[in-house]
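Notes follow once the structure below has been shown.
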Amino acid sequence: MTIANWLAMVFTIKGRRISAARYAAEARHMRAFPVNEIEVEMDMQLLEHVVAVLKGPPHHFPTGFERPHRGARGAAPQTSIIVVLANRVTRLRAAGVGGNLPPPA
């Protein structure tokens, strides 16, 4: 599974009727995040979109995949994924990959 496929499935799951089955699907899908794909992904917009989805409001509208409120984030799977994604985005920006320029100093 690629990160793009994972993200597409997020919106498919979000479109389902709210139910115990949807919540179970969200939990399974979150555990299936393709962490090993982060280091090979070169699409900055995709990586930033996934970070926004995982951070939730105000970065992105609610999807059911956002990290929990402060105080409950330590054990949440989103926390470690957000850190790895943010590090990858930072490294890509610093390297100027794909025309991405480092942020102004």
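Each reported figure results from applying straightforward, stated rules to the coordinates on display, with no laboratory input. Since the model is a prediction, treat every value here as computed from it, not as a measurement.
Given the -39500 (n - 2.57) contribution per DSSP H run of 4+ residues, what per-residue ellipticity at 222 nm results for the chain, rounded to the nearest 500 deg cm²/dmol?
The helix-only estimate for the chain comes to -17000 deg cm²/dmol at 222 nm.
When only Cα pairs under 8 Å and 6 or more residues apart are kept, what is the percent relative contact order across the chain?
Computed value for the chain: 24 percent relative contact order.
Equivalent-ellipsoid semi-axes (√(5λ), Cα gyration tensor) for the range 16-105, whole Å, largest first?
Computed over the range 16-105, the values are 27, 14, 12 Å.
Got the relative contact order for the range 40-90 handy, in percent, Cα pairs under 8 Å and 6 or more residues apart?
This gives 34 percent for the range 40-90.
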